[in-house]
């Protein structure tokens, strides 16, 4: 089997961006939650792009293996980028073991999502980009401008102290809509003509509203599962694109 350069490209770009973020954080001491969200968003966006370039399942497996091997290498050599990524990926209240478990569950969920929709990649990419952009918009704007708080019915039932804000939910809606447009561009820029269709615009608005609803009822890592699966399944059953 000939070596395919595309097996290495995702890892090279991903680790270059993560190292750049590491340097920025060392220089400007960014807030922990900002770094966490940037790691989260960069990872999701890159997966959406490279999953279109790396076509076959075998190539995806090889690419993932290379990424994980480098993750091990970067844990050994300074500046120990792997440890930095894990520490910055965890929420302040989480223990490191909880973060590793959460990352494993989320990664497994996304792998299964890919396997289910590998022949309908727009659904997969849409779910990824709603998670990457919609969820990130929600946290950025919710933290800064979230003044009108509410507790979801789910949190009340299970007596979980996790408040959301109306401003944050509006940001999730807006970010999800932008994420869906970006997913369409990444999937096939020629498909932008579809945005002239009222049906497509309405379906994107409904999907964005659905994403905001899912995010409003989710807790902890649940949004990492509910958002991509919810959007992918919504498009699959609606068959609107």
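The values are calculated or read from the model by the stated rules, or taken from the named source; none is laboratory data. Note that the coordinates shown come from a computational prediction; the quantities given were computed from them, not determined experimentally. For neighbour counting, all protein chains shown are included, and Cβ atoms are generated from backbone atoms with ideal geometry for every residue, glycine included.
For segment 183-202: of the residues being crowded, with 17+ Cβ neighbours inside 10 Å and within 16 Å of residue 50 (Cβ to Cβ), which is nearest to the chain's Cα centre (by Cα)? Step through it out loud before you land on a result.
Within segment 183-202, the subset crowded, with 17+ Cβ neighbours inside 10 Å is 183-184, 186-187, 200.
Those left that are additionally within 16 Å of residue 50 (Cβ to Cβ): 183, 186-187.
Numbers: 183: 12, 186: 15, 187: 16 Å.
Looking at residues that are crowded, with 17+ Cβ neighbours inside 10 Å and within 16 Å of residue 50 (Cβ to Cβ), I get 183.
Can you name the number of the only condition in (1) more than 24 Å from residue 208 (Cα to Cα); (2) under 14 Å from the mean Cα position of the chain (by Cα); (3) buried (at least 18 other Cβ atoms within 10 Å of the Cβ) that residue 45 fails?
The single condition residue 45 does not satisfy is (1).
Can you pull out the helices (runs of 4 or more DSSP H) entirely within segment 46-161 that have at least 2 residues that are without any contact (Cβ under 8 Å) to a residue 60 or more places away in the chain and outside the structural domain of residue 183 (by TED's automatic domain parsing)?
On the way: elements: 57-76, 81-89, 96-116, 121-129, 135-145, 153-157.
Helices (runs of 4 or more DSSP H) meeting the threshold: 57-76, 81-89, 96-116.
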